[in-house]
There are 2 protein chains.
Amino acid sequence: MKFSSTLLENAVNAFSKLPGVGRKSALRMVLHLLKDQTQKSEKIIQGLLDVNEKLKTCKICYNYSDDDVCMICSDEHRLKNVLCVVESIRDVMAIEDTQQFSGRYHILGGVISPLDGVGPDDLNIDTLIQRVRHDNIEEIIMAVSPSIEGETTTFYISKKLKPLEVKISLIARGVSFGGDLEYADELTLGRSIVSRTPYLQS
Amino acid sequence: MKFSSTLLENAVNAFSKLPGVGRKSALRMVLHLLKDQTQKSEKIIQGLLDVNEKLKTCKICYNYSDDDVCMICSDEHRLKNVLCVVESIRDVMAIEDTQQFSGRYHILGGVISPLDGVGPDDLNIDTLIQRVRHDNIEEIIMAVSPSIEGETTTFYISKKLKPLEVKISLIARGVSFGGDLEYADELTLGRSIVSRTPYLQS
């Protein structure tokens, strides 16, 4: 792609480093921002400056937050004794969108993955144990990825928590709603049969 | 989508205004920039500040430029007497990428489109006439969109240029390379037959 301006080229290069954005999309974005009269460009700059400088990590659950403690952890209406353990902030947002969980969260920051050099010490596991020990937690819901790494992480955490006698549950795995049964993978389909639930007859 | 931080939400909202970017992609971008240690975020901010403040429009062809005259217009190796007339800077880049044109450009800034409220006076047509009149231009290649609006614009410009007796040509329209003939639209296929070119036998 040939540019008539190095300034333009620099801006396009910067945008093309975003996930899922190629050079052509990046050019489209920058030209769109250049033509625009509604300060979209200023809003992006201000938004990035703000998150870079002011965004904090909640000291309880490790969610991104405006203050030291995030909105969820400081919400008195939420259950205090149920923790949902997830990998990332995106998982928190996905679960919040379902409106099916009214407890609090603990963000691990990933899963144990020796191949990627991620061990238990790289994750927020110690603080999870501390929370269970001191905050009167009754149930831990493990909502990590249904992968080898996720299972390993769940296993590791369950061993660490054993002395504390807290109830540990896993989110249900099974076939998706709207999915065609024949296209479900063997492992999921097999597990959905093993973990079948009783049909409630009316 | 529920956010635990208004700062994060503002940044995501700003990114979701980019063309082709929804809320989920915007969140992915912002989280990616937050996690990143390689100053991608700073590069985007700097890139946008630079293009907003320093980017100029070439006073000859209306291309984006670092200086008053763009790299193409100031390149002495390019033909001075052939002008390619296009709608936008993206068209210039697309044609430059083909490496098949060594003349100079004139960017109209759009096409005549009464429905969108774009008349001849909103486009860089007067300056095109001036260039043809004063710069010893021998040929104008019209490379605007093959649409009603594009044809109208070509017709309007050709009428304006008639007294100056400059040669006007159109880029060829026809079936695309690699395209399946049966999927080409009627108009294109019909025109490709009418405008057939002699096969050069070896």
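The values are calculated or read from the model by the stated rules, or taken from the named source; none is laboratory data. Computed from a predicted structure; not experimentally measured. Cβ: placed from backbone, ideal geometry, glycine included. Neighbour counts: every protein chain shown.
Kindly provide the set of residues from segment B:66-100 that are touching a residue at least 40 places away in the same chain (Cβ under 8 Å) and either part of a loop (DSSP other than H, G, I, E, B) or of a type in the set (Phe, Trp, Tyr) (or both), ordered by number. Talk me through it step by step, then tell me what you get.
First pass over segment B:66-100, keeping only residues touching a residue at least 40 places away in the same chain (Cβ under 8 Å): B:80-87, B:91, B:95.
Matches in segment B:66-100: B:LYS80, B:ASN81, B:GLU87.
The residue list B:LEU181, B:LEU164 contains one member that is aliphatic (A, V, I, L, M), without any contact (Cβ under 8 Å) to a residue 24 or more places away in the chain and either surrounded by 10 or more Cβ atoms within 10 Å (Cβ to Cβ) or out of contact with any strand residue (DSSP E or B) (no Cβ under 7 Å at 6 or more places or on another chain) (or both), which is B:LEU181.
If only residues of segment A:13-34 that are in a loop (DSSP other than H, G, I, E, B) and out of contact with any Ser or Thr (no Cβ under 7 Å at 6 or more places or on another chain) are counted, the one that is surrounded by the fewest Cβ atoms within 10 Å (Cβ to Cβ) is A:PRO19. Among residues of segment B:35-56 that are in the same structural domain as B:ALA11 (by TED's automatic domain parsing) and more than 15 Å from A:VAL30 (Cα to Cα), those with a beta-carbon under 9 Å from a residue that is charged (D, E, K, R) and at pLDDT 90 or above at least six positions away or on a different chain give the pairs B:ASP36/A:LYS17; B:THR38/A:LYS17; B:LYS40/A:LYS17.
Counting the residues of segment B:119-134 that are within 18 Å of the chain's Cα centre (by Cα), not polar (S, T, N, Q) and not in a loop (DSSP other than H, G, I, E, B) gives 4. Annotation for segment B:81-91: at least one member residue is surrounded by fewer than 21 Cβ atoms within 10 Å (Cβ to Cβ) and among the hydrophobic types (A, V, I, L, M, F, W, C). Scanning segment A:55-76 turns up one or more residues that are in contact with a helix residue (DSSP H, G or I) (Cβ under 9 Å, 6 or more places away or on another chain) and on the phi > 0 side of the Ramachandran plot.
Scanning segment B:35-61 for residues that are surrounded by fewer than 21 Cβ atoms within 10 Å (Cβ to Cβ), of a type in the set (Val, Ile, Thr) and facing chain A (nearest Cβ under 7 Å) gives a single hit, B:ILE45. Just to be sure I understand, how many residues within segment B:57-107 are charged (D, E, K, R) and under 15 Å from the mean Cα position of the chain (by Cα)? Adding up the residues that qualify gives 6. Taking segment A:140-149 as the range and being of a type outside the set (A, V, I, L, M, F, W, C) and either modelled with pLDDT of 90 or more or in contact with a Ser or Thr (Cβ under 6 Å, 6 or more places away or on another chain) (or both) as the test, only A:GLU149 passes. Exactly one residue among B:ARG28, B:ARG23 is at pLDDT 90 or above, farther than 30 Å from B:ILE95 by Cβ and at the interface with another protein chain (Cβ under 7 Å from one of its Cβ atoms), and that residue is B:ARG28. Given the structure, is B:VAL111 buried (at least 21 other Cβ atoms within 10 Å of the Cβ), more than 23 Å from A:LEU7 (Cβ to Cβ) and touching a residue at least 24 places away in the same chain (Cβ under 8 Å)? Against the criterion (buried (at least 21 other Cβ atoms within 10 Å of the Cβ), more than 23 Å from A:LEU7 (Cβ to Cβ) and touching a residue at least 24 places away in the same chain (Cβ under 8 Å)), B:VAL111 qualifies.
Applying the set (1) in contact with a Ser or Thr (Cβ under 7 Å, 6 or more places away or on another chain); (2) facing chain A (nearest Cβ under 10 Å); (3) modelled with pLDDT of 90 or more to B:ASP67 leaves exactly one unmet item: (1).
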